[in-house]
C-alpha cells in the first residue's frame, strides 16, 4: 500500500522530535526544581510532533514524491519556536491577559498551519489556476491592504491588523504571497520580453512597457506599507521584487537601479520621518538612549552576550527582560539560552531551507512553478535576513517576524503555506 | 587570474574580519560595520559562481542570488561571534548612568543576587568581619571592623558590584557555586536557591588592627604571612574607606542609592586612591629590599658565595651614568664581602652584581619568584614587574645596574616582596598564599578546607640558607639591626625607595622571624615614609613580636 515510504523525511524528523520533547522536559524540570514530571507537562510538544509524524505518513500514503528535506527543516524551526514560547510563558504571562496561553495558541496555529500545508501538498494537484487569475491576486492584495489601512486595528502605532470575527489577521502576511504569485505569473508570461532590450532611436532601453505593471504594483504596495508604518514589510516586498526581476532578467543593472532608488528613498525617509532617524540611531548606537529608544536593543545585547558559546541553557537565562522577545527578538532569546551554537544552528537551518528552495525552483519544469518557488523562497530568505540582521545590529531593526520561530498565527500560516507550495512544486510528477 | 583574484579577495575579507574582531573595543561599532561591509563585498567576489555560461538565465541568476544571500548569512554569523563571544564580557560589564541618575546595567547582575542569603566573612578566631543583617527585602551588609575594610572590600550589587574578598569569593558567598562539581551541576539543573557559604579567614583581626594602628595616618601596606603554610595573618591597607556606605541592593531606595553614589564619587575623586588594596594591588619601587632577589640570583647560579669579595670605591660609572655610593659605613674601605654588602646595602656592589648576572639571568630569577604573574592569594592581585613594559632589561646596561639595587623601572607589590622573603625563610619554597582557611555552608558543615601547597621553588636550599645568613647579618649589624626581637631568630632587609619628584622616599622593610616552630614573614611599606629603618622597620618588628607573643 505504501508505495514509497518517505524514509529520509522520517529520519530527519527524529532529531527535532526528540529535541523538542527533551527540551520541554528540561524547561519544566528546571523551572520547578524537582525531577517529578508527568506526561501532561510535555503534552504540547508531543501533540505537535504527533501531528507532524501523521502528516509525514500521510505524504507516504498518498505517494507524494516531492522534496523530503524542507519539511523536516520547517518542523525543526517550528519546534524550536514552540519550545522558546513555552519557556517564555512565565515572563510573558506577567505582561497581561493578552499573552495568556500563548503556547496553546501557538500549538493551535501550528496544527492549522500543518493542515494547510498538507492540504496544499495532497489535494491541490495543479497550480495553473493561480497563474490564470494573476490580476485577481494583485488587485486583491492591494484591496486588502487598503482595507487594513482604513478599518484595521492599531497596535503600537501601526495599523497592520484586520479583525475578522474572533481573529485578528496581519494582512501583509497574505499580501506577500499574493504579490509573489502575481509576479511569478507575470514574469513567466513575459520572460523573454523582460530580458530583451527596447530600442528608442540610438538608445538601448529596458523594456519599460513590460516592466510597468510590476513597477506600479510594487510602488503601490510599498506606499501602502510605508503609510502603515511597517518598514520591515516594505523592505521585504522590495527585496523580493528585486530578486525576482533579477532572476527573470539576469541583469544586475536592474538591481543597481533598484538599490539606487532604494537609497534615495532611505535618504528621503531619514529626513522626513523622525521614527526612521530613531531606528538608524538605535542601530548605530543604542546606548545613546538606553532607557527609552534604545532599551530593547540594549537588553537584547545583554541577553546575547550572556549566552556566550554554549548558552545558559533552556530556562536558565533571563530573556524576559527584552520587550517583544517572543516576536521580534526571539533570536536574542535563543542566543541567550542556547548560545552561539544555538544561533548558528538556526542560521544553518534557514540557509539550508533557502538553498533547498532555490534548488526546487531550478529543477521546476514550467516557468510559473520556477518563478513561484524562487519568489516564495526569497520571501523566507529576505524576511529571515531582515529580522536577524536587525537583531544582531547589522542593519537597523524593523519589526518583522522570524519565520516559523516567532509567535504569531498569521505569520505561521502564511509561512506554512509557502512550504506547502514549495513542496507541491517540487513533486516532479504532478507539476501543472 | 580569476583564481588569484578570488584568493586575494578571500584573504582581504578574512583579514578585515580578523583584524576587526581582534581590535575589540578599540573599534567603534560604526567602523566595525564598515569593515564588515567591505568584507561582504570581497566575499561576494570570492564566492561568485563560475562556469555558469551555459546555464539558463534563471539558473545563473538564482545561483548568484544564492551566493549573495550566503554572504549575508556569513556576515550575520561573524556578527554573532562578535556579539556573543568577542565583545561578550565587555557588554555584560557595560553600565551607564541615565539622565535621571538611574544606573543602566545588565539586569541579570541583580536578578541572581539574594543578598539576604549571602554568607559572612569571619577572622581566624570567628570574629565577624562582614555579615548580612536582616531578612528578605529589608537587609543590609554590615562591616563592623574598620581594620579589615580594604580586605573584605565592599558589596554593592545594585551599583558598583564588589571588591576585595566580596568580589573574589562572590560566587561562594552568594551561594552560586558549590565546590563539589556534581552538586553544583545538580543545583544548577534543578535551579535550587542556595544559602551562601561563610568564609573563615586565616587573618587574625588583632594583628590586622595592630597593623592598622601602626600605619595610622600614613599611607601604606602591611603583609604578615606564615612562610611555612602561605596563610596570611594580616593584609592591611591604608588609607581605607567605609564599605558600609557603599552597600546597595535591588530594594535600595532612591535615597540610599544617591547616598552611596555621593560617597563613591567622593572616594574616587581622592588623590590617595583608597579603593586600591595596597598589599596586593599597590605597585611600588622596591628600593634595596630588591637586593634579596639579586643576591639570591647570584648565589643560586653559583657565581658567588656569601664570602665573595666585591669592590666599592664610592662610585661606579655605567655607560656614562655614575652611581654614587652613600651607604658605606666606612668610606675608607673598598673591599666588601657579599654578606657585608647586603647588610650595608651597598648600591655599587649590587650594580656590579647585576651587570655580572646580566639582563637575562636577572629576568629569569625575577620570573622564578613570580614576577610577571598575579600571585594566587584569594584576592585580586596584580603582577610585579622588572620594567615598564615599553623597555626591556636587555636594552641598556644602566637599567640592569639600577634594577639590581632596586631602582630602575621596577614596580612590585608588598605581597610579592613578602613572597620573596618567604622563599628565603622557607628553605627556597614559596607556599601558595591563601586567605580563606575554610568555607562553611549554612548547616555549619565544612565544604572546603584549605591545604597548604607549594607555589614556586625559585632557589635551592643552600641558597636559601646562605640568604638567611645575609638577612641575619643585616638584622644583626646592618641597617636592619633594629629588628631584633628577644627569643626569636630575626632576619630582615630595609629599603629606601627613591620616588623622584622631590617627594620623600618610600620606606620598606621585609623580614622574617622564627621561634623554631613557625616562621612568619612580613613586608611593610610606608609611602613617603623616609629611610626604611625609620618608618617601615619598627612596624615590621612590632608585627612579628605581636604575632609570636604568647
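In nm, to one decimal, how far is the modelled label at residue B:19 from the one at residue A:11, with both set 7 Å along Cα→Cβ?
4.6
When Cβ neighbours within 10 Å are restricted to other protein chains, what is their mean count per residue of peptide A:304-314?
That average works out to 4.
With a point put 7 Å past each Cα toward its Cβ, work out how far residue B:1 is from residue B:534 in nm, to one decimal.
Rounded to a tenth, the inter-label distance reads 8.3 nm.
Angle, helix B:2-23 long axis vs. longest principal axis of chain B, Cα atoms, 0 to 90°, nearest 10?
50
What is the fewest-to-most order of B:517, A:324 by other Cβ atoms lying within 10 Å of their Cβ?
B:517, A:324
With each run of n ≥ 4 DSSP H residues scored as -39500 (n - 2.57), what mean residue ellipticity at 222 nm is computed for the protein assembly as shown after dividing by its residue count and rounding to the nearest 500 deg cm²/dmol?
-17000 deg cm²/dmol
Angle check, please: helix B:291-300 long axis (alpha carbons) against the longest principal axis of chain B (alpha carbons), in degrees 0 to 90, nearest 10.
The helix B:291-300 is inclined about 90 degrees to chain B.
Roughly how many nanometres apart are two label points built 7 Å out from the Cα toward the Cβ at residue B:186 and residue A:47?
3.5
Remind me, relative contact order of chain B in percent, using alpha carbon pairs under 8 angstrom and six or more residues apart?
13
When ranked by the protection proxy of mean other Cβ atoms within 10 Å per residue, highest first, what sequence do the peptides B:12-19, B:508-515, B:524-531, B:258-265 form?
Working: B:12-19: 17.2, B:508-515: 27.4, B:524-531: 23.9, B:258-265: 14.8.
Order by mean packing, descending: B:508-515, B:524-531, B:12-19, B:258-265.
From the Cα gyration tensor of the stretch B:406-448, with a ≥ b ≥ c the square roots of its eigenvalues, which class applies: rounded if a/c is under 1.5, or else prolate if a/b is larger than b/c, or else oblate?
Details: a/c = 6.45, a/b = 2.38, b/c = 2.71.
Here the stretch B:406-448 falls in the oblate category.
Kindly express, to the nearest 10 degrees and within the range 0 to 90, the angle between helix B:205-215's C-alpha long axis and the longest C-alpha principal axis of chain B.
So the helix axis and the longest Cα principal axis differ by about 80 degrees.
Cα gyration tensor of the stretch B:166-288, axes a ≥ b ≥ c as square roots of the eigenvalues: rounded (a/c below 1.5), prolate (a/b > b/c) or oblate?
Working: a/c = 2.53, a/b = 1.27, b/c = 2.00.
Taking the square roots of the gyration eigenvalues as a ≥ b ≥ c, the stretch B:166-288 is oblate.
Rounded to two decimals, what is the ratio between the C-alpha radius of gyration of the stretch B:415-550 and 2.2 N^0.38 Å?
1.19
With N residues in chain B, what two-decimal value do you get for its Cα radius of gyration over 2.2 N^0.38 Å?
1.20
Based on the mean of other beta carbon atoms within 10 Å per residue, what is the order of A:5-11, A:25-31, A:185-191, most packed first?
The densest-packed peptide leads the list: A:185-191, A:25-31, A:5-11.
Percent relative contact order of chain A, based on C-alpha pairs within less than 8 angstrom and at least six residues apart?
22
Output the antiparallel fraction of DSSP beta bridges having both residues in chain B, as a percent to the nearest 5.
Just about 95 percent of them are antiparallel.
Per residue of A:347-354, what is the mean number of Cβ atoms on other protein chains within 10 angstrom of that residue's Cβ?
On the way: counts 5, 2, 0, 3, 8, 0, 0, 5.
Average per residue, whole number: 3.
What's the ranking of A:176-184, B:143-151 by average number of surrounding C-beta atoms within 10 Å, highest first?
Highest mean packing first, the order is A:176-184, B:143-151.
For a test of the definition: using alpha carbon positions, the gyration tensor, and the 1.5 limit on a/c, classify the stretch A:81-158 as rounded, prolate or oblate. Present the calculation step by step, with values, prior to reporting the outcome.
On the way: a/c = 4.45, a/b = 1.44, b/c = 3.10.
Cα axes put the stretch A:81-158 in the oblate bin.
Provide the descending list of Cα extents for the stretch B:244-400 along its principal axes, expressed in whole angstroms.
71, 30, 28
Evaluate peptide A:243-253: per residue, the Cβ atoms of other protein chains within 10 Å of its Cβ; return the mean as an integer.
4
Over all distinct Cα pairs, what is the inverse of the mean 1/r for the protein assembly as shown, reported as the Kirkwood hydrodynamic radius in Å?
33.3
With an 8 Å cut-off on Cα pairs and a minimum separation of 6 or more residues, tell me the relative contact order of the stretch B:214-371 in percent. Mind dumping the intermediate values first?
Details: 162 pairs, mean separation 25.6, N = 158.
With pairs under 8 Å counted, the relative contact order is 16 percent.
Computed from the coordinates by the stated procedures, all read-outs in this text should not be read as laboratory data. Quick caveat, the model's predicted, so the values are computed rather than measured. Cβ coordinates were reconstructed from backbone atoms using ideal geometry, including for glycine residues, and neighbour counts include every protein chain displayed.
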